[in-house]
1. Are there any pairs with C-beta distances below 6 angstrom linking a residue in the stretch 27-55 that is over 16 Å from Phe101 (Cβ atoms) to a residue that is at pLDDT below 95 and surrounded by 19 or more Cβ atoms within 10 Å (Cβ to Cβ), with the two at least 6 apart or on different chains, and if so which?
2. How about the stretch 1-29: which of its residues are among the β-branched types (Val, Ile, Thr) and buried (at least 16 other Cβ atoms within 10 Å of the Cβ)?
3. Look at the stretch 17-34 and say how many of its residues are under 19 Å from Leu80 (Cβ atoms) and more than 17 Å from the chain's Cα centre (by Cα).
4. Out of all the residues in the stretch 44-60, which are over 10 Å from Gly18 (Cα atoms) and surrounded by fewer than 16 Cβ atoms within 10 Å (Cβ to Cβ)?
Amino acid sequence: MIEFIGKFFKFGVVGLSGTVIDFFFTWLCKEKLKWNKFISNSVGFTLAAVSNYVFNRIWTFESNNPQVGREFLSFFLVSLIGLLMNNIFLYLFHEKAKLNFYLSKAFAIALVTIWNFLANYLFTFQQV
């Protein structure tokens, strides 16, 4: 249980770095490039997922899996499901509940973090 909590903590730290990347590129695309908010959200989320894979592989889960490509695809599939969930939550919080876009995005990230950790812990980086 302590190992599980430790991995969740590390996953959270990596996630914070991903959140900075996510918010920066979402802001850049939405505010400066004037792209659609959902496309901007997807760009930020995707770039964060790539950086999160690298740090989670090396630090959080200390993976030695030689099938890096397969592992990355698994991680990215989990992230894509998370992206779908993120956009659904963003739509519900921002469009339906009329919360601020960035507050809605923060709530969505918090909820999707739980999905991402569990799916990656149990599926992507499972110890054989």
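1. The qualifying pairs are Ala48/Gly18; Ala48/Asp22; Ala49/Ser79; Ser51/Gly18; Asn52/Gly18.
2. Selection gives Val14, Thr19, Ile21, Thr26.
3. Here the count works out to 1.
4. Once the filter is applied, which keeps residues that are over 10 Å from Gly18 (Cα atoms) and surrounded by fewer than 16 Cβ atoms within 10 Å (Cβ to Cβ), the stretch 44-60 yields Val54, Ile58, Trp59.
The values are calculated or read from the model by the stated rules, or taken from the named source; none is laboratory data. Quick caveat, the model's predicted, so the values are computed rather than measured. Virtual Cβ from ideal backbone geometry, glycine too; neighbours counted across all protein chains shown.
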